[in-house]
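All remarks here apply to the structure that follows.
The values are calculated or read from the model by the stated rules, or taken from the named source; none is laboratory data. None of these values were measured; they are calculated from a predicted model. Virtual Cβ from ideal backbone geometry, glycine too; neighbours counted across all protein chains shown. In case anyone asks, the SASA skips ligands and DNA or RNA and just uses the protein heavy atoms, side chains included. Shrake-Rupley method; radii C 1.70, N 1.55, O 1.52, S 1.80 Å.
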There are 2 protein chains.
Amino acid sequence: MNRTHHNGDLRLENVNEHVELVGWVAKKRNFGQLVFIDLRDRSGICQLVFDESMSEALKDVRNEYVLSVSGTVLQRKDANPDLKTGEIEVKVEKFEIINKAKTTPLIISDETDALEDTRLQYRYLDLRRPVMQNKLIMRHKITRSMREYLDNNDFIEIETPMLGKSTPEGARDYLVPSRVHPGSFYALPQSPQLYKQLLMIAGFERYYQFARCFRDEDLRADRQTDFTQVDIETSFLSEVEIQTMMEEMMVKLMKEVKGIDIQAPFLRLSYEEAMNRYGSDKPDNRFGYELQDITEIFKNSEFKVFKDCIDNGGVIKTIVIDNFSSITRKEIDKYTELAKKNGAKGLVVLKAQDNELTGSARKFLSEDEVKALYDTLSLKDKDVLFIVSDQWIKTCNVLGALRNEIGYKLGLKKKDEFSFLWVTDFPMFEWSEEQQRYVACHHPFTQPKEEDIPLLDTDIAKVKANAYDIILNGYELGGGSLRIYDNDLQEKIFEILGMSEEEIRNKFGFFIDAFQYGTPPHGGLAFGLDRIAMILSESDSIRDVIAFPKNANAKCPMSKAPTPVDPAQLEELHIEIKK
Amino acid sequence: MNRTHHNGDLRLENVNEHVELVGWVAKKRNFGQLVFIDLRDRSGICQLVFDESMSEALKDVRNEYVLSVSGTVLQRKDANPDLKTGEIEVKVEKFEIINKAKTTPLIISDETDALEDTRLQYRYLDLRRPVMQNKLIMRHKITRSMREYLDNNDFIEIETPMLGKSTPEGARDYLVPSRVHPGSFYALPQSPQLYKQLLMIAGFERYYQFARCFRDEDLRADRQTDFTQVDIETSFLSEVEIQTMMEEMMVKLMKEVKGIDIQAPFLRLSYEEAMNRYGSDKPDNRFGYELQDITEIFKNSEFKVFKDCIDNGGVIKTIVIDNFSSITRKEIDKYTELAKKNGAKGLVVLKAQDNELTGSARKFLSEDEVKALYDTLSLKDKDVLFIVSDQWIKTCNVLGALRNEIGYKLGLKKKDEFSFLWVTDFPMFEWSEEQQRYVACHHPFTQPKEEDIPLLDTDIAKVKANAYDIILNGYELGGGSLRIYDNDLQEKIFEILGMSEEEIRNKFGFFIDAFQYGTPPHGGLAFGLDRIAMILSESDSIRDVIAFPKNANAKCPMSKAPTPVDPAQLEELHIEIKK
């Protein structure tokens, strides 16, 4: 082999050159006495022509055989405009079969109808499909672009431990039994949060890491057993200074990877505004249909549902979809279902036509209310109103979910359109129905807003944090915060979260200790790399941008991991399987 | 805060500028009515001068307090040539104490006498020492330089699974119990070997990854529970093509990180030559004292030790150290001890003086043999000969160990001198005394040399492999090989290694399957990043180039990991601790 070119790089200007190529047989066909082969490598496909004398030697050659060929580049008579190399072909003078191939269980082409488990079982073949190769190549371009920005801005990549301490907070840990310390376990990191803060205490000032993180949670389309976090932390910077750098990084990324100019600074919405307008703390603002508050209209309503809601301090909100009056009873049922799944007690749907509203709830509304709706919402014929009345957060969440579903249905979530924004001023705490107590909204190291610190003693639900998320197309790309750097404040937050002295000591003792030796003001954020790669490569699942992902059952259909192991291994680790 | 400069960057040209700085108090001293503070940040130190009016407010400020100051840059009267900023100081006009600090348990300066466990327990303070910060900064420069080379040469970084299948081959696996699949376990990767080969089968052609790898082995100065491997694989390239690229990468690295021009191509020694000349497969050729074969001289020896050795097919080799005759009896005993620890039955030590040799073995040698030694080895007065007679490999190993120890003692292993070389043509198999069978020298996927394939059926000890190590200063920086790409040959190697059909299926089934669908010729290597960083930063231990390392007991003195966990966690994982 003395490969002179990559197959996809050959062009008209190479005509008459002697070339040596290698690659896989993508297609073989006979045309009269001639044999044509499309030879594929990572760069693309080139058409080879073999004359009659070679047809016997080519007899057994099939798709996915590995060939090495030498020959001369010729101009094609009938160019193929669909192919980068479509204007040329290579007249083969010599060839060698480097390796054979059985018939592949899935076809190596961009289009496939193979089941996902088959694709994952034969992932090395699935990844041969150019569309899949290009996704991983794009992922690499993304990491390269982000790294370059960080490197050029004085950030230092530092690797933090993979075998850490289990601190059951948030998600479940993956545990690793210790051979040397019987009965003890390491935990795989859920994130390098404590370590990156310790690196700020150590004085590194600007840190980053492309960190593998692990959470033993049930898997979904955009969840895996482990994921890659672009973890960033800085010292001595304000929230806006951090956000501005991240915007610069995203502008560079979008230009380099997608060839798209996006504008910075990004839109900044407070959490409250995001919820009020989009019903989501990760709003997709590629389309409108914003939530509108109509509580005022119904302040004297005789409709019991609305009246009870307002009496209980709730709100009434609506989204209005234009030209939507062809909606069927069945569709309305489905949206009602979706609303209920998101916690609504019900969903009011009304159609506007000829200055009147129709729908099963119409009978509970007064003429004045109908008129007020028309005026306030500037209703037009064929508009459809979806109305929810409940506590503020529930009302927002339900209408946000409906808005997303309708935006998707109407084709308004365009994969090639990219809208970035920040959501800021998150609440510090949120009420957990499950645990019946307040929990940290972001994490317990988040800095409350200075002006809200007095509220820690009086009304913690009102305390806002210096916490921010970066959103792209309705996905949370990343999130971060300024961190507490005052030891007393940190201990107070732990207390509010209901942690005992002993629990704090046990979980975070070394961390609390570190805070006493000159902690700088610091803050940062973390991006979900898999998600960025998924969105930019316009994929439907993060599995498409991971070389060897697990399936939804946390299993690798290729290697079959996890598997039973040799009992001697467990013996050495001082554990046994519970019957 | 509105930081205008980094402390270490201020120079004469900044005189009269208004600056705002932040950082840690490195030193505070009074001089008459004035207070001087050295303020440290990541970039270095700058001297601050506070006038009398501020001394009361500074009263409590101690080392490691975090300050923010604003003031004017002045030229110093008596410049400090040891400091980059030694020609200037900053006259402080305003300052603020951002955070306080307790007295640190270790002094924040390059020199430290703190015990390593104390340094690891307060690692965030240990890493504040500029010498330690600079090591991690250098590590980052190394990764950046290597990545840049790989990125610019069409390599694609691809992340491979962290939760894989346990294949107990080589080192012990770290296991991770599965919550979803009771009784099953994932294994943390010992290396991405199978995955990188699968990526070649998938057609990526050039892959790299800075991969975290795990081996549950007992720790030493240059071992950790996990380490970072610069993992590289290529398709369609020859051994020399791969090596040439790696040399280019190293030339670039040494220039960028150390400012040193090194020459490529590197010296290439076959395994046999490396063993014969240096007694090591990772020779340190920064100094001479090569091994010399003197078997021929003793072919008729009456010295029973030499005679028996030769009769049993062994060899007699020596290293000659000049100007070494001041060696004491006690030192000779220590070298003999070292020889025995490396498997020698004994060590012959002779001193040359006035055409005669002295030493306890002299009496067993004939005059002719003494003369032949003088002639062959060109002996001079004060030379000392260390002679070992044993089977070839043992003789080489023992003298290699002595040579290294003596080179170290004589100060010939200069930390600021860098000598790269390749060792090639490794044997395919080696005899394992422990397992009483042949094992793979590199790993079972290594390609035997084409001309040696017939020997697989007749004399496997003689089979050489297309395997190569890259050596720097006596350390193996990395190693690799061309891989088998023929399915039948791979199965044959597994058989030779004593693996049953079932065992092969069980461990490598999916891998063997993959080989049937058009595997390209491929090969690569892997570098130990920690080791590269250790050598280039002139450190004694890899712990110095890892932010938060484990101690020799596989424990983190800071977080105390591994620790006992909540029984409920084990319950969920379907395991229990064995009593």
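Annotations
- On the stretch given as region A:317-359, residues that are open to solvent by 30 Å² or more (accessible area, probe 1.4 Å) and part of a helix (DSSP H, G or I) total 9.
- Only a single item in (1) surrounded by 22 or more Cβ atoms within 10 Å (Cβ to Cβ); (2) of a type in the set (Val, Ile, Thr); (3) part of a helix (DSSP H, G or I) is not met by A:Val176, and it is number (3).
- Contacts under 7 angstrom Cβ, first residue in region B:313-324 being under 13 Å from B:Leu377 (Cα atoms), partner surrounded by 20 or more Cβ atoms within 10 Å (Cβ to Cβ) and among the β-branched types (Val, Ile, Thr), 6 or more apart: B:Lys317/B:Ile294; B:Lys317/B:Val388; B:Lys317/B:Thr395; B:Thr318/B:Ile294; B:Thr318/B:Ile387; B:Ile321/B:Val384; B:Ile321/B:Ile406
- A count restricted to region A:52-66 and to residues that are crowded, with 17+ Cβ neighbours inside 10 Å and of a type in the set (S, T, N, Q) stands at 1.
- Of A:Leu163, A:Leu198, all but one fail to be free of Cβ contacts under 8 Å to residues at least 40 places away in the same chain, facing chain B (nearest Cβ under 7 Å) and under 30 Å from B:Ser109 (Cα atoms); the exception is A:Leu163.
- Residue match in region B:409-431 (condition: open to solvent by 20 Å² or more (accessible area, probe 1.4 Å) and assigned to a helix (DSSP H, G or I)): yes
- Filtered by the rule that a residue be in a helix (DSSP H, G or I), charged (D, E, K, R) and open to solvent by 10 Å² or more (accessible area, probe 1.4 Å), region A:228-283 gives A:Glu239, A:Glu241, A:Glu248, A:Lys252, A:Lys255, A:Glu256, A:Lys258, A:Glu272, A:Glu273, A:Arg277.
- Exactly one residue among B:Val180, B:Val131, B:Val176 is more than 8 Å from every other protein chain (Cβ to nearest Cβ) and more than 30 Å from A:Gly44 (Cα to Cα), and that residue is B:Val131.
- Being among the basic types (Lys, Arg) and open to solvent by less than 30 Å² (accessible area, probe 1.4 Å) holds for only one residue in A:Arg483, A:Arg437, and it is A:Arg483.
- Residue within region B:528-544 that is more than 28 Å from B:Ser280 (Cα to Cα) and assigned by TED's automatic domain parsing to the domain that holds B:Phe214 present: no
- Among the residues making up region A:4-25, those that are in contact (Cβ under 8 Å) with a residue 24 or more places away in the chain and either open to solvent by 30 Å² or more (accessible area, probe 1.4 Å) or of a type in the set (Ser, Thr, Tyr) (or both) are A:His6, A:Asp9, A:Arg11, A:Leu12, A:Val15, A:Asn16, A:Glu17, A:His18, A:Glu20.
- Within region A:384-408, the set of residues being of a type in the set (Val, Ile, Thr) and either open to solvent by 20 Å² or more (accessible area, probe 1.4 Å) or outside the structural domain of A:Ala361 (by TED's automatic domain parsing) (or both) comprises A:Ile393 only.
- Residue within region B:463-480 that is open to solvent by 10 Å² or more (accessible area, probe 1.4 Å), part of a helix (DSSP H, G or I) and farther than 19 Å from B:His522 by Cα present: no
- Hey, B:Ala547 at positive phi and touching a residue at least 24 places away in the same chain (Cβ under 8 Å) or not: no
- Residue match in region B:180-201 (condition: closer than 26 Å to A:Val565 by Cα, in a strand (DSSP E or B) and aromatic (Phe, Trp, Tyr)): yes
- Of all residue pairs spaced 6 or more apart or on separate chains, those with beta-carbon atoms under 8 Å, a first member in region B:453-475 that is farther than 30 Å from B:Leu412 by Cα and a second member that is assigned to a strand (DSSP E or B) and aliphatic (A, V, I, L, M) are B:Asn466/B:Leu482.
- Scanning region B:136-149 turns up one or more residues that are modelled with pLDDT of 95 or more, open to solvent by less than 10 Å² (accessible area, probe 1.4 Å), over 29 Å from A:Gln133 (Cα atoms) and at the interface with chain A (Cβ under 7 Å from one of its Cβ atoms).
- Inter-residue pairs, beta-carbon under 6 Å, first under 21 Å from B:Ile137 (Cα atoms) and in region B:239-261, second exposed (fewer than 15 other Cβ atoms within 10 Å of the Cβ), 6+ apart: B:Val251/B:Ala264; B:Met254/B:Ile260
- Any hit, region B:511-522, residues being open to solvent by 30 Å² or more (accessible area, probe 1.4 Å) and either over 22 Å from the mean Cα position of the chain (by Cα) or within 22 Å of B:Pro192 (Cα to Cα) (or both): yes
- Here A:Glu502 fulfils each of the conditions (1) acidic (Asp, Glu); (2) surrounded by fewer than 21 Cβ atoms within 10 Å (Cβ to Cβ); (3) touching a residue at least 24 places away in the same chain (Cβ under 8 Å) apart from (3).
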